[in-house]
Amino acid sequence: MRLTPIPDAGLGVPPVPRPAAEPQDLLFEVENLKVHFATDDGLVRAVDGVTFGIPRAKTVCIVGESGSGKSITGRSLMNLLPHTARIVDGHVLYHPEPGRTIDIGKLDPRGKPIRALRGKDVSFISQEPMAALSPVHTIGQQMVPVISRHLKLGRREATERAAAMLARVGIPKPAERLGSYPFEFSGGMRQRVCIALALSCRPKLVIADEPTTALDVTTQANIIDLLVELQEESGLSILFITHDLGVVAEVASDVVVMYLGKVVERGSVEEIFHDPRHPYTRALLRSVPRLGAGRDTRLAAIRGMVPSPFDRPKGCDFHPRCDFAIAGTCDVTAPPDVALGGSRSVRCVLPEAIRPPVQRAETPPSSTQRTLRHG
Amino acid sequence: MTDATATGGLSPPRRKLVELGQWGLIYRRFRKHKLAYWSGFIVLAIYAVALFAEFVAPYSSDRYNPRYIYSPPQMLKMFGRDQNGDLALLYVNGYKVELDPVALQRRFVIDESRVYPVGFFVKGEPYHLFGLIPAERHLIGPVDPDAPMYLWGTDRLGRDLLSRTIHGTRISMSIGLVGVTISLVLGILLGGISGYYGGWADQAVQRTIDFLKSIPTIPLWMGLAAAIPDRMDPLLVYFWITVILSLIGWTDLARVVRGRFLSLKTEDFVMAARLDGCSRQRVIWHHMVPSFTSHIVASVTLAIPAMILAETSLSFLGIGLKPPVVSWGVLLKDAQSLLALTQAPWLFLPGIPVVVAVLALNFLGDGIRDAADPYS
Amino acid sequence: MWRFIAHRVVYTALTLAAVSLVSFLIIQLPPGDFLTSLAGKMAEQGGDLDSASLAGLKARYGLDQPWYIQYWRWITGILLHGDFGQSFEWNKPVSELLWDRMGMTLLLSLVTLIVTWMLALPIGIYSAVRRYSLLDYVVTFLGFIGLAIPSFLLSLALMYILSRYAGMSVGGLFSPAYVNAPWSWAKLVDLAAHLWLPVLILSTSGTAALIRVMRANLIDELHKPYVQTARANGLGEMELLFKYPVRVALNPFVSTIGWVLPHLFSGAVIVSVVLSLPTAGPLLLSALLAQDMYLAGSFILILSALTVIGTLLSDLLLAWLDPRVRYQ
């Protein structure tokens, strides 16, 4: 499927501003977020103008290879960045309820206001369940103070809530297990404890940073089912950071594809999976193994490697690895972000990528209830 | 962790890094440690002094002059006129005797009126460089070989402390090297066995290490060193002291080697070599050893100063090396009594090279370790 | 937990046995048995050892027996009767010379250990948290200097400076008036006035080393995910620091007792020699120089045994602090 290169295709198209979504729909709005790292070898633009929104009670997935800035984007939502990193531009807007807005990016990352939000409104599940809990404190010692602080509960009530949370995530004998140390749990159980901790103060958003990467496949499925269940129960939003497209298909309602700190494509899960536009998204999808694909089908790997953040390619970041790169265009000018209507956008100049969306006849049955209201 | 900084990318400049190879990479990181880098030069300089001691020192180690007992250090001065009125570019003042009215003792003080020209590459006492090449030039010395030049003062026999310290460098610095070599052989052997074979061999070696580490070193060394007969040949004493010091020194190295072996055993490339049918010997020597040499180099560098300190301490107590052998510790033994010190505080001076050498080696070792493994 | 304790106790007992063997070996090392050197010494002093007492001593130490019998007699004498043998230099039983000196050594070492910890802990934490701050650099630099100056050199230098510029008489642990006086408040004050100098000298290198240990441990811990978790749950920086990473970094710190104690006893020996403190050091040195082997061997035995027991205590403390050790 070779596209006919058209030399100045898309260059005449001005970047269309994203139509403002109705604020009441969105719990979080990230606008033109830029996070820079000062390292010994120079400045790294880890997140370079990222824009997306998280609707209430929905799951947004950020997809990308390592080095794409997806984890840093996630952490920016609670302004919890490594000390060498700075939010240099853009907004992280949090709407606790419709009509109220807090700019999280503007809060002092060590100040009281942001700390009152962390763990209470926004919580975090890390990708390393083995190391995410202090090895020398019991589960109770780590959960109870958080609950009693955020929910203003006494010790006894906080302990009861902690036990109830453990029970909810499927830990047997929860009251006893509060006295156990993390190393006494298996990896999957430990991740359940982390989920219990993250959800213990009824947060509105959970940032799950590759929560299943370190687990085996069966456990992975259980953990994801648990998260989906809990979401349906409590109506929380989830920002799911992953490189696993299988997981994305299962949980996401919206997908943000990142490459080298930039969003290359954004859309609903149906749009991304059935009508991927950016060559990178298409390549990612082609690299996923499928059941039923003939045994002779080779998995398509994306050629080349993610470039170093210290020497980004000129022009489009992806052009050295792109099968459709247009010489003289893609290697010269950085492509604009082209809005395709709704939450859909793509950062590409190829005519194939920016043609208007096709109305698809069939939609997968599972996705009906996940169709975005604002999409 | 932060996926922005973790880069698997191999764009052109990065590719250059890969081509540098392991040692090139280590050197690049090492260059960045300014302190370690310059310490490296200091260490080289000290070893150069040790190697060319006879040439660097103005006098031999045992030349004494009863006319100048406990003379204080002289300043090296510039532009003076000697007795004949000739200009001396560099010179030292002479001494005169003074009677201390309180202690009723004879004392040497600097006599500003006397000027002895000093020069570089002057002719002095003949010696054999490396014990082979006859020579008589010294790096620095009085132009008149009989003139007193005692930049660091003299001891109770009127021997030049600077020359003795320079000669002592050879013993003190080499005992570190030799001791570390012995430790290294023991450490790699036992640590390797322990890490590679595991099981009861590992247990035995580990328990031995635990045991040796649990004994306070100085008393143990003292006990062992005291058993060396007084009349033994100085060279043999040197050898035995080194062996005694290495008795503890190998344990650290063995731990490092064992740790690396354990972590490497499970690494993919070792597994791959094994599956390729390489022999055990080949796996160890061609695949595993090269990948932890950098750690060994760092550990060795950090072990040398410990050896130097140990030798100095033992000799200072009088149960390590003994005169006529000259080492920094032997020289410092003269400074042991408060009485000697109040009379001749310059007897402390041999402590300076000890501190400088130990500091430089520590900085160097730390730098190498950081460069070899930025993650530990 | 009990299994762990039992395991450690058995292991300590085995180590103690090995320590006693090494000490015995050191007693045996000098050429000839001690009776020859004793007889030689007596002859030197013009006296003579009559053959009856010679035979008596020979029988008592089993000198005509193989080495393991000799060892057995020596060690059972110590364990059952507290008999460490005879010091020929002092012509007294070793046990009479030993305990006074060991008590002072222990006191000096314990005070030093406490001072070392009290300095190293806060400074190490500060250095780790405010990494690359001015104070961190100063502390790191001083630490390197502290590690590089041999303790005997530091003792000499301080002794010289104090006597030369402050006119103080240093050395010893008591003023002459109190040396043989019974214990009293005044004697204690006098001891404190003397003790600070050796404590200062001895704690220098230990403090420098422990600061580095604490700093490195804590820096490691500060980057662990559980610290992020705590932050993500809204804990303040100070609260978080002391509740989690400091607490975790304390464990390897406690386990350093294992090597701090031998280091401390070693240092105490040599500093005591320079400052002529009434501890084990000077007596051990003079015993070794005079080849008074039962005295020397006993000192080495007791010093090593104390270290081994100290390590056991630190292991137990560690087990109490760190559940991962406890549940092994």
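The values are calculated or read from the model by the stated rules, or taken from the named source; none is laboratory data. Please read these numbers as outputs of a predicted model, since none were measured by experiment. All Cβ positions, even for glycine, are placed from backbone atoms using ideal geometry, and neighbour counts span all protein chains on display.
Among the residues of the range B:248-262, the ones that are of a type in the set (Val, Ile, Thr) and either under 18 Å from the mean Cα position of the chain (by Cα) or under 16 Å from B:Ile308 (Cβ atoms) (or both) come to 1 in all. Can we say A:Ala198 is over 22 Å from A:Ala57 (Cα atoms) and among the small types (Gly, Ala, Ser)? Spelling it out, it is not the case that A:Ala198 is over 22 Å from A:Ala57 (Cα atoms) and among the small types (Gly, Ala, Ser).
Looking only at the range B:214-247, filter to residues that are of a type in the set (Val, Ile, Thr) and more than 18 Å from the chain's Cα centre (by Cα); which one of those is farthest from the other protein chains (Cβ to nearest Cβ)?
B:Val237
C:Leu135 satisfies every condition listed in (1) within 14 Å of chain B (Cβ to nearest Cβ); (2) surrounded by fewer than 19 Cβ atoms within 10 Å (Cβ to Cβ) except (1).
Of all the listed residues (A:Arg161, A:Arg156, A:Arg149), the sole one being within 25 Å of A:Leu81 (Cα to Cα) and in a helix (DSSP H, G or I) is A:Arg149.
Working only within the range A:164-185, note down all residues that are in a helix (DSSP H, G or I) and either without any contact (Cβ under 8 Å) to a residue 40 or more places away in the chain or surrounded by fewer than 18 Cβ atoms within 10 Å (Cβ to Cβ) (or both).
The initial filter retains those residues of the range A:164-185 that are in a helix (DSSP H, G or I), namely A:164-168, A:174-177, A:182-184.
Across the range A:164-185, the qualifying residues are A:Ala164, A:Met165, A:Leu166, A:Ala167, A:Pro174, A:Ala175, A:Glu176, A:Arg177, A:Phe183, A:Glu184.
Would the range B:351-361 turn up any residue that is within 9 Å of another protein chain (Cβ to nearest Cβ), free of Cβ contacts under 8 Å to residues at least 60 places away in the same chain and of a type outside the set (Gly, Ala, Ser)? Checking the range B:351-361: at least one residue is within 9 Å of another protein chain (Cβ to nearest Cβ), free of Cβ contacts under 8 Å to residues at least 60 places away in the same chain and of a type outside the set (Gly, Ala, Ser). Against the definition (facing another protein chain (nearest Cβ under 9 Å), under 26 Å from B:Thr217 (Cα atoms), free of Cβ contacts under 8 Å to residues at least 40 places away in the same chain and assigned to a helix (DSSP H, G or I)), how does C:Leu288 come out, yes or no? Against the criterion (facing another protein chain (nearest Cβ under 9 Å), under 26 Å from B:Thr217 (Cα atoms), free of Cβ contacts under 8 Å to residues at least 40 places away in the same chain and assigned to a helix (DSSP H, G or I)), C:Leu288 qualifies.
Conditions (1) modelled with pLDDT of 85 or more; (2) out of contact with any Asp or Glu (no Cβ under 8 Å at 6 or more places or on another chain), marked per residue:
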{"position": "B:Ile228", "(1), (2)": "no, yes"}
{"position": "B:Leu247", "(1), (2)": "no, yes"}
{"position": "B:Asp276", "(1), (2)": "no, yes"}
{"position": "B:Ile284", "(1), (2)": "no, yes"}
{"position": "B:Ser294", "(1), (2)": "no, no"}
{"position": "B:Val300", "(1), (2)": "no, yes"}
{"position": "B:Ala303", "(1), (2)": "no, no"}
{"position": "B:Lys333", "(1), (2)": "yes, yes"}
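A quick yes/no check of all residues on (1) buried (at least 19 other Cβ atoms within 10 Å of the Cβ); (2) at pLDDT below 85:
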position: B:Ala103; (1), (2): no, yes
position: B:Ser113; (1), (2): no, yes
position: B:His128; (1), (2): no, yes
position: B:Ile133; (1), (2): no, yes
position: B:Thr169; (1), (2): yes, no
position: B:Leu184; (1), (2): yes, no
position: B:Gly195; (1), (2): yes, yes
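For the structure I just gave you, tell me whether B:Leu25 is under 30 Å from B:Gly365 (Cα atoms), at pLDDT 75 or above and surrounded by 12 or more Cβ atoms within 10 Å (Cβ to Cβ). In short, no. Apart from one condition, A:Gly235 fits all of (1) in contact (Cβ under 8 Å) with a residue 12 or more places away in the chain; (2) within 29 Å of A:Asp216 (Cβ to Cβ); the exception is (2).
Among the residues of the range A:58-96, those identified as touching a Lys or Arg at 6+ places or on another chain (Cβ under 9 Å) and part of a loop (DSSP other than H, G, I, E, B) are A:Lys58, A:Gly64, A:Ser68, A:Gly69, A:Met78, A:Asn79, A:Leu80, A:Leu81, A:Pro82, A:His95, A:Pro96.
Whether any residue in the range C:183-198 is of a type outside the set (A, V, I, L, M, F, W, C), assigned to a helix (DSSP H, G or I) and within 14 Å of chain A (Cβ to nearest Cβ) is what I want to check. Looking for residues that are of a type outside the set (A, V, I, L, M, F, W, C), assigned to a helix (DSSP H, G or I) and within 14 Å of chain A (Cβ to nearest Cβ), one finds none in the range C:183-198, hence no.
With respect to the conditions (1) more than 9 Å from every other protein chain (Cβ to nearest Cβ); (2) of a type in the set (A, V, I, L, M, F, W, C); (3) surrounded by fewer than 19 Cβ atoms within 10 Å (Cβ to Cβ), C:Trp259 falls short on a single one, namely (1). The set of residues in the range C:276-285 being surrounded by fewer than 24 Cβ atoms within 10 Å (Cβ to Cβ), assigned to a helix (DSSP H, G or I) and in contact (Cβ under 8 Å) with a residue 12 or more places away in the chain consists of C:Leu285 alone. Each residue in the range A:303-336 was checked for being within 13 Å of another protein chain (Cβ to nearest Cβ), in contact with a Ser or Thr (Cβ under 7 Å, 6 or more places away or on another chain) and without any contact (Cβ under 8 Å) to a residue 24 or more places away in the chain, and 2 pass.
If you check B:Ile209, B:Ile175, B:Ile140, which single one turns out to be farther than 30 Å from B:Gln281 by Cα, β-branched (Val, Ile, Thr) and surrounded by 20 or more Cβ atoms within 10 Å (Cβ to Cβ)?
Details: B:Ile209 fails: farther than 30 Å from B:Gln281 by Cα; B:Ile140 fails: surrounded by 20 or more Cβ atoms within 10 Å (Cβ to Cβ).
Residue meeting the stated conditions: B:Ile175.
Which of the helices (runs of 4 or more DSSP H) contained wholly in the range A:221-311 include at least 2 residues that are at pLDDT 85 or above and under 25 Å from A:Phe28 (Cα atoms)? Write out each step before concluding.
Values: elements: A:245-251, A:269-274, A:279-286.
Those helices (runs of 4 or more DSSP H) span A:245-251, A:269-274.
In a loop (DSSP other than H, G, I, E, B) and within 19 Å of C:Ala18 (Cα to Cα) - does that describe any residue in the range B:238-250? Looking for residues that are in a loop (DSSP other than H, G, I, E, B) and within 19 Å of C:Ala18 (Cα to Cα), one finds none in the range B:238-250, hence no.
Return yes when A:Leu166 is over 24 Å from C:Pro323 (Cα atoms) and hydrophobic (A, V, I, L, M, F, W, C) and no when it is not. It would help to see each step written out before you state the result.
Details: over 24 Å from C:Pro323 (Cα atoms): no; hydrophobic (A, V, I, L, M, F, W, C): yes.
Against the criterion (over 24 Å from C:Pro323 (Cα atoms) and hydrophobic (A, V, I, L, M, F, W, C)), A:Leu166 does not qualify.
Being assigned to a helix (DSSP H, G or I), hydrophobic (A, V, I, L, M, F, W, C) and out of contact with any helix residue (DSSP H, G or I) (no Cβ under 6 Å at 6 or more places or on another chain): is that true of B:Ile352 here? The answer is yes for B:Ile352. I'm checking my understanding of the structure. Among residues of the range A:72-118 that are touching a His at 6+ places or on another chain (Cβ under 7 Å) and more than 27 Å from A:Asp41 (Cβ to Cβ), which one is nearest to the other protein chains (Cβ to nearest Cβ)? Filtering the range A:72-118 for residues that are touching a His at 6+ places or on another chain (Cβ under 7 Å) and more than 27 Å from A:Asp41 (Cβ to Cβ), the one nearest to the other protein chains (Cβ to nearest Cβ) comes out as A:Asp103.
Using the structure shown, decide if A:Asp121 is more than 24 Å from A:Val193 (Cβ to Cβ), more than 8 Å from chain C (Cβ to nearest Cβ) and of a type in the set (Asp, Glu).
On the way: more than 24 Å from A:Val193 (Cβ to Cβ): no; more than 8 Å from chain C (Cβ to nearest Cβ): yes; of a type in the set (Asp, Glu): yes.
Judged against the criteria, A:Asp121 is not a match.
Taking the range B:290-319 as the range and being β-branched (Val, Ile, Thr), assigned to a helix (DSSP H, G or I) and in contact (Cβ under 8 Å) with a residue 12 or more places away in the chain as the test, the residues that pass are B:Ile296, B:Val297, B:Val300, B:Thr301, B:Ile304, B:Ile308, B:Thr312. For the range A:110-122, the condition of being touching a strand residue (DSSP E or B) at 6+ places or on another chain (Cβ under 8 Å), at pLDDT 90 or above, surrounded by 15 or more Cβ atoms within 10 Å (Cβ to Cβ) and of a type in the set (A, V, I, L, M) holds for at least one residue.
Of the residues making up the range C:199-238, those that are at the interface with chain A (Cβ under 9 Å from one of its Cβ atoms), modelled with pLDDT of 85 or more and assigned to a helix (DSSP H, G or I) are C:Pro225, C:Tyr226, C:Val227, C:Gln228, C:Thr229, C:Ala230, C:Arg231, C:Ala232.
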